[in-house]
Every structure is written in C-alpha cells, then in structure tokens.
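**Q** Sharing a structure here in structure tokens format.
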Amino acid sequence: MKGVALAFLLGATAIFIGMTLWQSAGAPGWVGYVKAAAEAGMVGALADWFAVTALFRRPLGLPIPHTAIIPTKKDVLGDSLGDFVGTNFLSEQVVRERLRRVGVASRLGAWVAEKENAERVTSELATVVRGAVTVLRDEDVQAVMEQAVVSRIIGTPWGPPLGKLLERVITDGSHHKLVDLMCDQAYEWVKVNHAQVLNVVSGRAPTWSPKFVDALVADKVYGEILSFAWNVKTDVNHPMRMALDKFLTEFAGDMQTDPRVMERAEQVKHQVLEHPDVQTLIGSAWATAKKMLLDAAEDPSSELRTRVRAGLMTLGERLVSDETLRTKADSWVEGAAAYVVLNYRNEITTLITDTVQRWDAEETSRKIELQVGRDLQFIRINGTVVGALAGLVIYAVAQLIS
C-alpha cells in the first residue's frame, strides 16, 4: 500500500513536469488545468504523507515538533485508554445493563441442563477437587480439624445439650423401641440361662441348707425372675417401665441443672476424647476422607459425581423454567459484577496502563502501523486525488475571475 500511495505521488509529479514542459513549448489552454490539478495532487500527497508518517516516526528523521506521536506519547495513550475503558466499560450501570440484556441465568441454565455439559462441568469440578486435596498437606488439615472440631467439642459442655436431647426423645416416646429391645433381650437371656441363675442362687445359700432345698429355692427364684422379665416385656404400662421413664426424665433434667451431674458428664467427655481409640479415629479421619474424595473424583460413575451431575442438570432446568429463581440468579450475577467493578476498577485499568508502559516504544509503533497501515496509506491516496480535484477547481475559479 505504501508503494501504491507512492505511485500516485510519482504519477502526479510526472504529470506536473510534463505539463510544465508542454506549457513552455506553447501548449493549448487546457494543459494549465491539468498542471494545476497535478500540482495540487502533489501537495496533497506530500501533506498526507507527512501526517501519516508523523504518527509513527519523525519524517526524514528531522526533530520536528509534534511528530512520532505514538512512540513519544505511548504512556499517555495507555493512561487515556485505561481511563476510557474504566469510564465507558467498567461503570456499574453499563455492566448491569449489559448483563441484564444477556440473561446470564437463562443461558447458563439451558447450557448446563444438557447432559454432556453437566458432565463436563462435573469433570472440571472433580479436577479442582483432586488438585485442592492433593495440594493440601495432611498435617495442616489435621491441625485445622483438631482446632476447629476437637477444641470446639472440648469447649462446649455436654450436659445441657445432651439433657435437652434426652428430654425431647422421652417426650416424643422415641425411647420406647430401645426399652422394648432391652426387655426382649433381658427375657431371652433369663430364658436361656436357667442353669446360671440356679448356680448363682445356690451359691448364696447357707452351708447348712440341704441341697434339695437349695434347688427348690433356686428354681422358685428363677421362675419369679422369668415371670418378672415376661411381664416387663409384654406390659407397656409395667411399673418397671414407668420407673425407667421417671428415672430418664429426672436424669435429663439433672443433666441440664444439677452441677454434679454436669461435672460427671464433662469427666466422661474428656475420658472419651482422650481414649487412644478416639485419638486414632480423629487422626485418621482426614486420611479416610481424603481417600474417599479422591476415589469419588476419579471415578466418573461414583455416587458423588452422579449426584453432582444430576444436581447441575436439575439446577439448569430450574433456571430455565423458574422465573423467580432466574431473577434471583441474575441479580446475584449483576451484584457480583458490580462489586468487582466498584472495588477493582482501578486495578483493572492499571493493568492496561502498566501493560502499555512496559511495551517498547518503537516496537509498539511498528505493530500499530502494521495493523492500521493499509488504511493509513489510503489517506495518502485520497489526499492525492482530493488535492488534485481541489486544485482543478481553484484554478478554474481563478480563470473565470480573471
């Protein structure tokens, strides 16, 4: 394009020289019109060549003021570009209006509702989980778990919450199934341990008592015990059951109000937490959880990934069909974008200005010239043509006036 623009200048020059020589030899009157057009075309071409060249370098290397604009004003242009972007693109109103027109929630919902897209998102989430779990050091996670979980358990009294829980269980009658199970097991134990009961009773009989008397007494005691166990098992209103309910109710209240019972609960808590098996369980909790997460993330058919995929598809369908949810999601997106713009607009525009400042001036000028140079050379061509036409008009007007 530089060659084409130069050809227009050389063509105008050649015509001007030719017409000038012809006029000296006595050319007809119309030659003056052609000469004036060629002369003005030369002026226009040279003026536009100077203007285009002055953007990127000093014409002919001369230190003419206000030339080589891009190399010398690169940083100023970068600052202006950053301000322009920050004002016209990173304003809260512009961002909100643009996101509202786009309809992020609806588009995202329609996209993620497709099975292959949901699978893709699930796969990416699994990759993130694997990366995060792999990067985390076991000892750091263990320390956090001990501080966040164990310390909280130790610092929280067990008595009142356990008492409230037991009280709620008794009020709802949920403990009756456990009592039924205990009564059933007690009756079955007495039933199948006839000899053991007899031995216990006989062993406590006086030494002078005859053996047959001991056997009769033991058998009678066994029968009474078995009958008692059967009655407790079959009668839901048995006094033993009533006594147990009363005891549990009082115990639930004592755990919330009695300092001695509460202190005993604290002692039990510390004994449980300090037990070696419990310490081992706490120590291996993260390792177990880590292995489960990694295995689930690796296996595309795992329950975790299946549920995540199904959840994403369901969410996508709801975003498409549920206008209320879609409106909320759009407002969340707009709010998040507005927050970023309001709080980090300067950092974003600084990224633009700092990047421009790091560019080499000459290299920047060359790259910009390569990108827009073709259009700039058309300016030179148009300057030659428009200059020639303007010169022709001016010459014609001068001839008419004279």
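The values are calculated or read from the model by the stated rules, or taken from the named source; none is laboratory data. Just so it is clear, the model here is predicted, and its values are computed rather than measured. Virtual Cβ from ideal backbone geometry, glycine too; neighbours counted across all protein chains shown. Please note that ligands, DNA and RNA were not included when accessible areas were found on the heavy atoms of the full protein model with its side chains. Shrake-Rupley method; radii C 1.70, N 1.55, O 1.52, S 1.80 Å.
**Q** Name the pairs: first residue in segment 252-272 and assigned to a helix (DSSP H, G or I), second residue open to solvent by 80 Å² or more (accessible area, probe 1.4 Å), Cβ to Cβ under 7 Å, at least 6 apart or on different chains?
**A** Ala252/Glu167; Gln256/Lys164
Rundown of residues vs (1) touching a helix residue (DSSP H, G or I) at 6+ places or on another chain (Cβ under 7 Å); (2) among the aliphatic types (A, V, I, L, M); (3) surrounded by fewer than 18 Cβ atoms within 10 Å (Cβ to Cβ), yes/no style:
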{"residue": "Glu363", "(1), (2), (3)": "no, no, yes"}
{"residue": "Arg366", "(1), (2), (3)": "no, no, yes"}
{"residue": "Thr384", "(1), (2), (3)": "yes, no, no"}
{"residue": "Leu400", "(1), (2), (3)": "no, yes, yes"}
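**Q** Inspect segment 99-122 for any residue being more than 30 Å from Gly316 (Cα to Cα) and assigned to a helix (DSSP H, G or I) and give the result as yes or no.
**A** Pass one, segment 99-122, residues more than 30 Å from Gly316 (Cα to Cα): none.
No.
**Q** Go through segment 294-326 and give me each residue that's among the hydroxyl-bearing types (Ser, Thr, Tyr) and either over 20 Å from Ser123 (Cα atoms) or open to solvent by less than 50 Å² (accessible area, probe 1.4 Å) (or both). If you could, list the steps in order and put the result at the bottom.
**A** Filtering segment 294-326 for residues among the hydroxyl-bearing types (Ser, Thr, Tyr) gives 301-302, 306, 314, 321, 324.
Across segment 294-326, the qualifying residues are Ser302, Ser321, Thr324.
**Q** Could you list all residues from segment 16-54 that are in contact (Cβ under 8 Å) with a residue 24 or more places away in the chain and open to solvent by 60 Å² or more (accessible area, probe 1.4 Å)?
**A** Tyr33, Glu39, Val43, Leu46, Trp49
**Q** Quick one: Ala297 ticks every box in (1) closer than 30 Å to Gly103 by Cβ; (2) within 23 Å of the chain's Cα centre (by Cα) except a single one, so which number is it?
**A** (1)
**Q** Count, please, the residues in segment 334-350 that happen to be surrounded by 13 or more Cβ atoms within 10 Å (Cβ to Cβ) and in contact (Cβ under 8 Å) with a residue 60 or more places away in the chain.
**A** 8
**Q** Applying the selection to segment 80-98, what residues are surrounded by 17 or more Cβ atoms within 10 Å (Cβ to Cβ) and assigned to a helix (DSSP H, G or I)? Write out each step before concluding.
**A** We begin by selecting, within segment 80-98, every residue surrounded by 17 or more Cβ atoms within 10 Å (Cβ to Cβ); these are 82, 86, 90, 95-96.
Answer for segment 80-98, where residues must be surrounded by 17 or more Cβ atoms within 10 Å (Cβ to Cβ) and assigned to a helix (DSSP H, G or I): Gly82, Gly86, Val95, Arg96.
**Q** Now for a different question. Please count how many residues of segment 56-76 are touching a residue at least 40 places away in the same chain (Cβ under 8 Å) and crowded, with 17+ Cβ neighbours inside 10 Å.
**A** Within segment 56-76, the first condition is being touching a residue at least 40 places away in the same chain (Cβ under 8 Å), and the residues that meet it are 56-57, 68, 70-72, 74-75.
Adding the requirement that they be crowded, with 17+ Cβ neighbours inside 10 Å leaves 56-57, 68, 70-71, 74.
Result for segment 56-76: 6.
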